[in-house]
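Data first, discussion second: the structure below is written as structure tokens.
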Amino acid sequence: MSDLKNLSLTGVERFFKPNEVIVSKTDLKGRITYANEIFQRIAGYTEQELLGQPHSIVRHPAMPRCVFKLLWDTLEAGEEIFAYVLNRAKNGDHYWVFAHVTPSFDEQGNIISYHSSRRVPRRDVVEGVITPLYKQLLDAENSFDNSKEGLAVSFQAVLDLLNEKGVSYDELIFSL
């Protein structure tokens, strides 16, 4: 796969229907083990192109890395998470989702995989809150030559926002 920053972007947004759910499953390393037909259609990939690939194959470069850090930290702690995510289709189009990601457990309580269901997001939230917030976080990440420093600063900005509002991440997301 080519480097994310070198992928073309069309500026064209793709949409899916409110009754459709994009579903995927990944292994513990985030490699896709299942992708439903809706995911394939919206992302523009065949099942063969998706299976075994890192889920970041659909990562849009305008998506702040700190959101994914929060997502992975939450999942690895055995908890579910909800998040607004901007994805990139194979041809460079983009699409917004409201994701619900959960760990899957074996009989002993060990995390064995992850499951993501994505629905149509609320447009007023995407346009009025999430897009400006993500731009601010991405600007913070990109203001450092060292990507780890940028990630740390943007992640701290998310934690500061949650502290300021006195809510958890999920509480914030559902209050929007």
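The values are calculated or read from the model by the stated rules, or taken from the named source; none is laboratory data. Values in this document were obtained by computation on a predicted structure and should not be read as measured data. Every residue, glycine among them, receives a Cβ derived from its backbone with ideal geometry; neighbour counts consider all protein chains shown.
Quick rundown of the values:
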| quantity | calculated |
| --- | --- |
| Options ILE112, ILE81; residue that is among the β-branched types (Val, Ile, Thr), in contact with a strand residue (DSSP E or B) (Cβ under 7 Å, 6 or more places away or on another chain) and either over 21 Å from VAL21 (Cβ atoms) or surrounded by fewer than 16 Cβ atoms within 10 Å (Cβ to Cβ) (or both) | ILE112 |
| Filter result (surrounded by fewer than 16 Cβ atoms within 10 Å (Cβ to Cβ) and farther than 14 Å from PHE68 by Cα) within the stretch 84-101 | LYS90, ASN91, GLY92 |
| Selection from the stretch 139-162 of residues that are of a type in the set (Gly, Ala, Ser) and part of a helix (DSSP H, G or I) | ALA140, SER147, GLY150, ALA152, SER154, ALA157 |
| Qualifying positions in the stretch 126-139 - out of contact with any Phe, Trp or Tyr (no Cβ under 7 Å at 6 or more places or on another chain), without any contact (Cβ under 8 Å) to a residue 60 or more places away in the chain and within 18 Å of LEU172 (Cβ to Cβ) | GLU127, GLY128, VAL129, THR131, PRO132, LEU133, GLN136 |
| Some residue of the stretch 11-26 being touching a helix residue (DSSP H, G or I) at 6+ places or on another chain (Cβ under 8 Å), free of Cβ contacts under 8 Å to residues at least 60 places away in the same chain and surrounded by 13 or more Cβ atoms within 10 Å (Cβ to Cβ) | no |
| Some residue of the stretch 48-61 being β-branched (Val, Ile, Thr), closer than 15 Å to ILE173 by Cβ, in contact (Cβ under 8 Å) with a residue 24 or more places away in the chain and surrounded by 13 or more Cβ atoms within 10 Å (Cβ to Cβ) | no |
| Where a residue in the stretch 82-108 is of a type in the set (D, E, K, R) and its partner, wherever it lies, is surrounded by 18 or more Cβ atoms within 10 Å (Cβ to Cβ) and modelled with pLDDT of 95 or more, with Cβ under 7 Å and at least six apart | ARG88/VAL58; ARG88/HIS60; ARG88/HIS94; LYS90/ALA43; LYS90/TYR45 |
| Filter result for GLY109 (at pLDDT 95 or above, in contact with a Pro (Cβ under 9 Å, 6 or more places away or on another chain) and among the small types (Gly, Ala, Ser)) | no |
| The stretch 140-169 - residue that is β-branched (Val, Ile, Thr) and touching a residue at least 12 places away in the same chain (Cβ under 8 Å) and, of those, surrounded by the most Cβ atoms within 10 Å (Cβ to Cβ) | VAL158 |
| For VAL97: the one exception among (1) touching a Pro at 6+ places or on another chain (Cβ under 8 Å); (2) modelled with pLDDT under 95 | (2) |
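Each row is one residue, and each column tells you yes or no for (1) farther than 19 Å from TYR114 by Cβ; (2) outside any helix (DSSP H, G or I).
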site	(1), (2)
PHE16	yes, yes
ASN19	yes, yes
GLN40	no, no
SER56	no, no
LEU70	no, no
THR74	no, no
HIS100	no, yes
